[in-house]
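Report on the following structure.
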Amino acid sequence: QVQLKESGGGLVQAGESLRLSCAASGSAFSINRMAWHRQAPGKQRELVASISGGGTTNYVDSVKERFTISRDNADKTVYLQMNNLKPEDTAVYYCNIITQGRLYWGQGTQVTVSS
């Protein structure tokens, strides 16, 4: 079994930064894709950023040039550096990973950006 533990969420003002972390434990070997999704109240969950096992990254247009996804394979951790946060970034942020052919989700961490 694989467990994902997210941290780093909080309440910030517009223009400030946060760094989210998601650490995998348990039977998390040879992790392939790692990603961050978010879900705002009343909206569908959306993919924010992903990073492949080889380090290729993808971002939703609304966060390009502001967010950076990275990973530490030794620590089995994926990060999301969020700069110049905007009120519309307010959401619960979830990480997920694909390992050994299965998809796992974290429990989510709240990010709230005030104007």
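The values are calculated or read from the model by the stated rules, or taken from the named source; none is laboratory data. What you are looking at is a predicted structure, and each value in this text was computed from that prediction instead of being measured. All Cβ positions, glycine included, derive from the backbone under ideal geometry; neighbour counts span all protein chains shown. Accessible surface is based on the protein model in full, side chains and every heavy atom, while ligands, DNA and RNA are left aside. Shrake-Rupley method; radii C 1.70, N 1.55, O 1.52, S 1.80 Å.
Structural remarks
- The chain, accessible surface, carbon-and-sulfur percent (1.4 angstrom probe): 46
- Residues of region 89-105 with amide N under 11 Å of the 7 Å Cα→Cβ point at residue 81: none
- Summing charges over all other residues whose Cβ lies under 14 Å from the Cβ of residue 56, with Lys and Arg as +1 and Asp and Glu as -1, gives +2.
- Extending 7 Å from the Cα toward the beta-carbon at both residue 66 and residue 114 defines two label points whose distance is 1.8 nm.
- Debye log10 I(q)/I(0) for the chain, one point scatterer per Cα, at q = 0.13, 0.14 Å⁻¹: -0.44, -0.51
- Working from label points 7 Å from Cα in the Cα-to-Cβ sense, the residue 73 to residue 107 distance is 3.0 nm.
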